[in-house]
Amino acid sequence: MLKKGFLKPEISVSVLGKKQFWTGIVVGVAAAFVLSYFFNYAREGARFITFFRDPFILTEKEFRLYDLFFATLSTSLGFGFTIIYWLQGGNRRVKKHYLKTFTISNAWLITFVAIMLVSRFGSLLPILVYGTFGYNNEIDILHGYWLLLVLIPIYIFLIHWNTIRLIFRIRYWMAFATLFYCLVALYLYKTTTADRSVLNKYYYQRNKQYIDFIDNEFSDARVHKVFFSDTTKQMLLKHYSSKTVNTLLKIKQAFGSGRTISLDTLILEKIFIHNMNRQFIYYGRFQNRDKKLVLCATRGHLPPDS
């Protein structure tokens with residue numbers, strides 16, 4: 001025999017309670033704002049740590065990817081706080097208390113696990129990975145892991161709805177919630193981004209002489225139909241990158257080959273000499289003689305025994 005109440009009620013404002021419903025929306029949006037600000041400024045703090053080594057300078061596309069990820073992730077986590085407030089103990093309109101307890105616990109678990117994962121990876125990358133000798137942007141978030149940053153917020157949002165379905169029939173509510181989710185995430189993306197120009201200006205002022213010299217040399221090179229990419233400029237500004245060290249060693253080998261030196265190689269050598277890159281001294285795989293020659297080349301002279 002079927003018992004009364006065996007069917008799940010349809011989720012609605014009246015079932016949740018008008019005050020409970022709207023207050024939960026406000027709580028979720030406020031939590032999303034706080035988390036978005038936290039993630040964005042924590043990223044800038046993590047970038048500042050890398051300025052003691054090779055600085056982590058993001059391109060505009062990478063900035064937009066991170067900003068969008070933080071906005072969508074914060075919105076998904078804010079939705080978890082909304083669910084917690086909707087189903088908290090004071091709401092006696094919701095039956096099946098064991099499912100309500102499970103949904104609340106699941107929302108807390110997902111929220112804190114997501115925050116801890118983002119915080120842990122966001123702190124370990126600048127401290128351990130970006131500060132490692134020879135690191136050359138092997139972890140390319142923009143081209144290699146962008147899909148992961150897209151799927152994580154979507155997964156969190158959907159898994160919240162999966163637990164709500166244990167208690168209510170959602171019908172068209174998920175479509176409305178998805179639209180509201182996109183609007184909130186877009187607003188956070190536009191309003192809560194950190195001012196990334198502060199650290200970039202600090203880096204430019206600190207290295208103005210070197211950056212201006214590279215720009216001037218690149219401008220002169222274009223007159224002679226020699227063009228360098230932005231990647232080459234980033235390589236020249238690094239001090240510990242393996243790509244920078246290998247380029248410096250190849251230039252040294254080109255000068256010792258006895259062949260005609262190309263104009264682009266001469267320009268790069270001039271930049272290396274002016275900026276006095278000394279990063280190669282940390283690489284044990286080079287012979288001592290090679291280290292000595294490269295060190296002297298960056299200082300503008302060669303040792304007597306060369």
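The values are calculated or read from the model by the stated rules, or taken from the named source; none is laboratory data. Predicted model only: the values in this text are computed from it and were never measured. Virtual Cβ from ideal backbone geometry, glycine too; neighbours counted across all protein chains shown.
Any residue in the stretch 84-100 that is at pLDDT 80 or above and of a type in the set (S, T, N, Q)?
No.
Say whether the condition of being closer than 17 Å to residue 46 by Cβ and assigned to a helix (DSSP H, G or I) is met by at least one residue in the stretch 98-115. Don't jump to the end; show me each part of the working.
Residues of the stretch 98-115 closer than 17 Å to residue 46 by Cβ: 115.
Within this subset, residues satisfying the condition of being assigned to a helix (DSSP H, G or I) are 115.
Taking every residue of the stretch 98-115 in turn, at least one turns out to be closer than 17 Å to residue 46 by Cβ and assigned to a helix (DSSP H, G or I).
Is it fair to say residue 210 is at pLDDT 90 or above and surrounded by 13 or more Cβ atoms within 10 Å (Cβ to Cβ)?
no
Just one of the numbered conditions (1) of a type outside the set (Lys, Arg); (2) assigned to a helix (DSSP H, G or I); (3) farther than 30 Å from residue 112 by Cα; (4) in contact with a Phe, Trp or Tyr (Cβ under 9 Å, 6 or more places away or on another chain) is not true of residue 226; which one?
(2)
Specify which of the listed residues (290, 230) is modelled with pLDDT of 50 or more and among the acidic types (Asp, Glu).
230
From 172, 189, 202, which residue is of a type in the set (Phe, Trp, Tyr) and outside the structural domain of residue 72 (by TED's automatic domain parsing)?
On the way: 172 fails: outside the structural domain of residue 72 (by TED's automatic domain parsing); 189 fails: outside the structural domain of residue 72 (by TED's automatic domain parsing).
Unique residue meeting the criteria: 202.
Could you go through the stretch 160-181 and let me know if any residue there is at pLDDT below 85, small (Gly, Ala, Ser) and surrounded by 14 or more Cβ atoms within 10 Å (Cβ to Cβ).
no
Residue under question is residue 152, and the condition is that it be in a helix (DSSP H, G or I) and either more than 20 Å from residue 35 (Cα to Cα) or touching a Pro at 6+ places or on another chain (Cβ under 8 Å) (or both); does it hold?
For residue 152, the condition - in a helix (DSSP H, G or I) and either more than 20 Å from residue 35 (Cα to Cα) or touching a Pro at 6+ places or on another chain (Cβ under 8 Å) (or both) - is not met.
Can you confirm whether residue 208 is under 29 Å from the mean Cα position of the chain (by Cα) and in contact (Cβ under 8 Å) with a residue 40 or more places away in the chain?
Here the answer is no, as residue 208 does not meet what is asked.
Return the residues of the stretch 29-77 that are among the acidic types (Asp, Glu) and either at pLDDT below 90 or surrounded by fewer than 19 Cβ atoms within 10 Å (Cβ to Cβ) (or both); say none if nothing qualifies.
The answer is 44, 54, 60, 62.
Could you please let me know if residue 272 is out of contact with any Phe, Trp or Tyr (no Cβ under 6 Å at 6 or more places or on another chain) and surrounded by fewer than 18 Cβ atoms within 10 Å (Cβ to Cβ)?
Criteria not met by residue 272.
Consider residue 67 carefully, then state whether it is acidic (Asp, Glu), part of a loop (DSSP other than H, G, I, E, B) and closer than 30 Å to residue 237 by Cα. Don't jump to the end; show me each part of the working.
Values: acidic (Asp, Glu): yes; part of a loop (DSSP other than H, G, I, E, B): no; closer than 30 Å to residue 237 by Cα: yes.
No; evaluated as a whole, the condition is false for this residue.
Can you tell me which residue in the stretch 137-158 is farthest from residue 16 (Cα to Cα), limited to those that are surrounded by 15 or more Cβ atoms within 10 Å (Cβ to Cβ) and at pLDDT 85 or above? First the steps, then the outcome.
If we filter the stretch 137-158 for residues that are surrounded by 15 or more Cβ atoms within 10 Å (Cβ to Cβ), which is where we start, we get 137, 141-142, 146, 149, 152-153, 156-157.
From what's left, at pLDDT 85 or above: 146, 149, 152-153, 156-157.
Numbers: 146: 37, 149: 32, 152: 28, 153: 25, 156: 22, 157: 20 Å.
The qualifying residue farthest from residue 16 (Cα to Cα) is 146.
Just wondering, is there one or more residues in the stretch 182-199 that are touching a strand residue (DSSP E or B) at 6+ places or on another chain (Cβ under 9 Å), touching a residue at least 60 places away in the same chain (Cβ under 8 Å) and buried (at least 16 other Cβ atoms within 10 Å of the Cβ)?
No; the residues of the stretch 182-199 include none that is touching a strand residue (DSSP E or B) at 6+ places or on another chain (Cβ under 9 Å), touching a residue at least 60 places away in the same chain (Cβ under 8 Å) and buried (at least 16 other Cβ atoms within 10 Å of the Cβ).
Please give the number of the condition residue 240 fails out of (1) surrounded by 15 or more Cβ atoms within 10 Å (Cβ to Cβ); (2) modelled with pLDDT of 80 or more.
Just one mismatch for residue 240, condition (2).
Does residue 222 satisfy being at pLDDT 80 or above, charged (D, E, K, R) and in the same structural domain as residue 72 (by TED's automatic domain parsing)? Talk me through it step by step, then tell me what you get.
On the way: at pLDDT 80 or above: yes; charged (D, E, K, R): yes; in the same structural domain as residue 72 (by TED's automatic domain parsing): no.
No: the conditions fail for residue 222.
Can you tell me which of 171, 120 is without any contact (Cβ under 8 Å) to a residue 24 or more places away in the chain and not polar (S, T, N, Q)?
120
In the set 158, 166, which member is in the same structural domain as residue 109 (by TED's automatic domain parsing), closer than 30 Å to residue 14 by Cβ and in contact (Cβ under 8 Å) with a residue 40 or more places away in the chain?
166 is the lone residue from the list that is in the same structural domain as residue 109 (by TED's automatic domain parsing), closer than 30 Å to residue 14 by Cβ and in contact (Cβ under 8 Å) with a residue 40 or more places away in the chain.
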